[in-house]
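Below is a structure I'd like to ask you about.
The values are calculated or read from the model by the stated rules, or taken from the named source; none is laboratory data. The shown structure was predicted, so the numbers you read here are calculated from the model rather than taken from an experiment. With ideal geometry, Cβ positions are generated from the backbone for all residues, glycine too; neighbour counts draw on all protein chains shown. Surface accessibility is based on the protein's heavy atoms, side chains included, excluding ligands, DNA and RNA. Shrake-Rupley method; radii C 1.70, N 1.55, O 1.52, S 1.80 Å.
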Amino acid sequence: SAGTETKDRINQDAVRIIKERFFIDMEKTQSSKLIAALPPLDIVVTMGCNVDCPWLPSKYRTDFGLDDPSGMSDEFFHKTIDIIIEKLHELRKDIEEKKIPSLQN
């Protein structure tokens, strides 16, 4: 998740767990960004997390309805990652099967 406000650093638990699980160092490629710095978006996925996400213009928007793992156990982070992966696979399938009219050319 990009979060809902700019911060000095990405959630350090997320950084650590993503590095351990996927060998990706998010701090090398990702940083907190202002909405104005984002390129045009085709798809916006909000995570839920019991916060009001800013509106971003896009062709398609969906919400995964997750609970925020911040401050929770590593196990909760891993379960959240598993849910995100599952939902992304579903979204990809919907795109490939052209079930999302706004993304069709």
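Taking the alpha carbon gyration tensor of the chain, what are the square roots of 5 times its eigenvalues, largest first, to the nearest whole Å?
Equivalent ellipsoid of the chain: 24, 18, 14 Å, largest first.
For the range 1-69, run through the trypsin sites (Lys or Arg not before Pro) and keep only the ones in DSSP coil with at most 16 other Cβ atoms within 10 Å of their Cβ.
7, 9, 33, 59
So for the range 28-86, considering every pair of alpha-carbon atoms, how many percent are separated by more than 18 Å?
When all Cα pairs of the range 28-86 are counted, 48 percent exceed 18 Å.
Still on this structure: Can you give the angle from 0 to 90° between the axis of helix 74-96 and the longest principal axis of the chain, with both taken from C-alpha atoms, to the nearest 10?
Roughly 20 degrees, rounded to the nearest 10.
Give the accessible surface of the chain per residue, rounded to a whole number of Å², with probe radius 1.4 Å and ligands, DNA and RNA excluded.
Heavy-atom SASA per residue in the chain reads 75 Å².
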